[in-house]
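FYI, it's all coordinate maths here, none of it is from the lab. From a predicted model like this one, the values you see are computed outputs, not experimental measurements. Using ideal geometry, Cβ is built from the backbone for each residue, glycine included, and neighbour counts are taken over all protein chains shown.
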Amino acid sequence: MAATLALVAALLFALAATLQQKGAVTLPAISLARPRSLLGLVGQRTWLLGTLVLLAGYVFQAGALDRGRLSVIQPLLVSSVVFVLPLGYLLTDQRVGRREIWGASAIVIGLSLFVYFGDPEGGSSNASNTQWTVTICVIGLLSAVLLAFGNGSPSRKAAVYGTVAGILYGLSSSLAMPTLDDLHEGVGTMLSHWQCYALAVVGVLGFVIQQVSLGTGRLAPAVATVSVANPVVAVLIGVLLLDERLSRPAWHVLVAVIGLALTFVGAIVISLAREDRHTASSDSADASAEMV
């Protein structure tokens, strides 16, 4: 059930990203340096629809996290890169080539290996306040450094901002574990702990930064970087803070790690293929303009 909910969440996240990108690409450049540029998104019906779909995805993700382990649920969300291919073709006229198909196949095979052989066991839903503080500070510093190098070409901006959004989503998913655990005891109990407020702040920051990434018009690198950074951070937190461990024997762990690496390679292949095609299209358009 947890895996099924995670896959539904991945599908909804892919649909949301496609709709939000379609709504954002018609606007002038979106930048954190100009907060008012983000307000223009509110007037876009397609973007608003994508946001509603995104919220629905969060609901399914929360249900998955409530029933499963963080280090399994988050890697399954990489499948959103697979779902975004047909959605991009249908909704934004993006072509799907042979390299994208190979990349999608690698993701499916890699996730299958990870889920079947990984089977994380043990773990808890919370960590000490000191551990959370150190983790949040490290992630905050890393995000700030990445954002400092986020300017440049649209592709670079999409990748860097997408990576930061994925890092923040991985942290927010980790914070959702103790928050959901507290919610079972009542809303009052949940609101009495700081994790739910940190979850809200980190989630909103990730959402805003992702809109900047999608606003570049480079859907593939924006989605791929989010989908890869998110589970990497979540798995690290699951292992280092929440004491989740992969199943034994050792060769199961090895196959699971290989499967996870294959998943990330597939996401990168899709991103690079899309970027190469976009660059070729731009060069062709520039050449045609020069001839005219």
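Worth pointing out:
- Ordering 182, 243, 66 by the number of other Cβ atoms within 10 Å of each residue's own Cβ, fewest first, gives 243, 66, 182.
- Here the Kirkwood formula puts the hydrodynamic radius of region 87-244 at 17.2 Å, using every distinct Cα pair.
- Computed over neighbours whose Cβ is under 13 Å from that of residue 9, the net charge equals 0, Lys and Arg +1, Asp and Glu -1.
- Cβ-derived FRET efficiency at R0 51 Å, residue 45 paired with residue 236, nearest 0.05: 0.85
- Ordering 124, 80 by the number of other Cβ atoms within 10 Å of each residue's own Cβ, fewest first, gives 124, 80.
- Nonlocal amide H pairs with residue 244, under 5 Å, H built at 1.01 Å: 124, 239
- Here 1, 177 are placed in order of increasing Cβ neighbour count within 10 Å, fewest first, which gives 1, 177.
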